Amino acid sequence: MSAQTIFDAAPLGALIQFSDGSPRPPARFKKKLAAWENRNNVGRLIRKQNEKLTGTTTLHANFTLHQSDHSSAGVVVLRVYRTFSVDSELTFSILERPAIGSVRVFSRAGESGELVYLACDREDAASWLKSHGYPDAVLDEVVGDDPMMASSAGRAA
């Protein structure tokens, strides 16, 4: 799939794989392997942004994937995100869609909000919110696996 197809059809919370199509180098080539992993990896779709006009510059529509968290002593100290423009030359595929009945927790309402947690149900989402403190969080239940189907209306937590 193209990046444009992911932007148009993949639901937020989906697990997305991206690739440049090149074969994986042997593990003994550390630098080549690191460069390959930079262009061939997996992440969870957390945000989509439409095209914007800023002054005389047009910013293409894009989407952001959450790749990983790095922690120390149980505290997340670094989150790795990758943002792709819809005109990216990489190949994308949807590995997993959010399950029906799961609940997406967004940091805030509107286009500026991003997916911060994908809960298995409302009880799990409420429990997660109590310990993570997002005062403007919005909950959105997944009601269908078709990305074109509307999910239930987001409600403030």
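The values are calculated or read from the model by the stated rules, or taken from the named source; none is laboratory data. Bear in mind the structure is a predicted one, so any value in this text is a computation, not a measurement. Positions of Cβ are generated from backbone atoms using ideal geometry, with glycine treated the same way; all protein chains shown enter the neighbour counts.
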*Within the set of pairs 6 or more residues apart or between chains, which connect a residue that is in contact (Cβ under 8 Å) with a residue 60 or more places away in the chain inside segment 75-102 to a residue that is basic (Lys, Arg) and in a strand (DSSP E or B) with Cβ atoms less than 7 Å apart?*
Pro98/Arg104
*When both residues are 6+ apart or on different chains and their Cβ atoms are under 6 Å apart, which pairs have a first residue that lies in segment 105-134 and is touching a residue at least 12 places away in the same chain (Cβ under 8 Å), and a second that is charged (D, E, K, R)?*
Ser107/Glu114; Arg108/Asp136; Glu114/Arg47; Leu115/Arg104; Leu118/Arg104
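Rundown of residues vs (1) within 27 Å of Val143 (Cβ to Cβ); (2) in the same structural domain as Ala137 (by TED's automatic domain parsing); (3) not β-branched (Val, Ile, Thr), yes/no style:
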{"position": "Thr57", "(1), (2), (3)": "no, no, no"}
{"position": "Ala61", "(1), (2), (3)": "yes, no, yes"}
{"position": "Asp69", "(1), (2), (3)": "no, no, yes"}
{"position": "Val80", "(1), (2), (3)": "no, no, no"}
{"position": "Thr83", "(1), (2), (3)": "no, no, no"}
*Is it true that some residue in segment 41-56 is without any contact (Cβ under 8 Å) to a residue 40 or more places away in the chain, in contact with a Lys or Arg (Cβ under 8 Å, 6 or more places away or on another chain) and among the hydroxyl-bearing types (Ser, Thr, Tyr)?*
no
*Wholly within segment 45-157, which strands (runs of 3 or more DSSP E) include no fewer than the required count, namely at least 3 residues that are modelled with pLDDT under 90 and surrounded by 12 or more Cβ atoms within 10 Å (Cβ to Cβ)?*
none
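For residues in segment 10-44 being among the small types (Gly, Ala, Ser) and part of a helix (DSSP H, G or I), which is surrounded by the fewest Cβ atoms within 10 Å (Cβ to Cβ)?
Across segment 10-44, the extreme among qualifying residues is Ala34.
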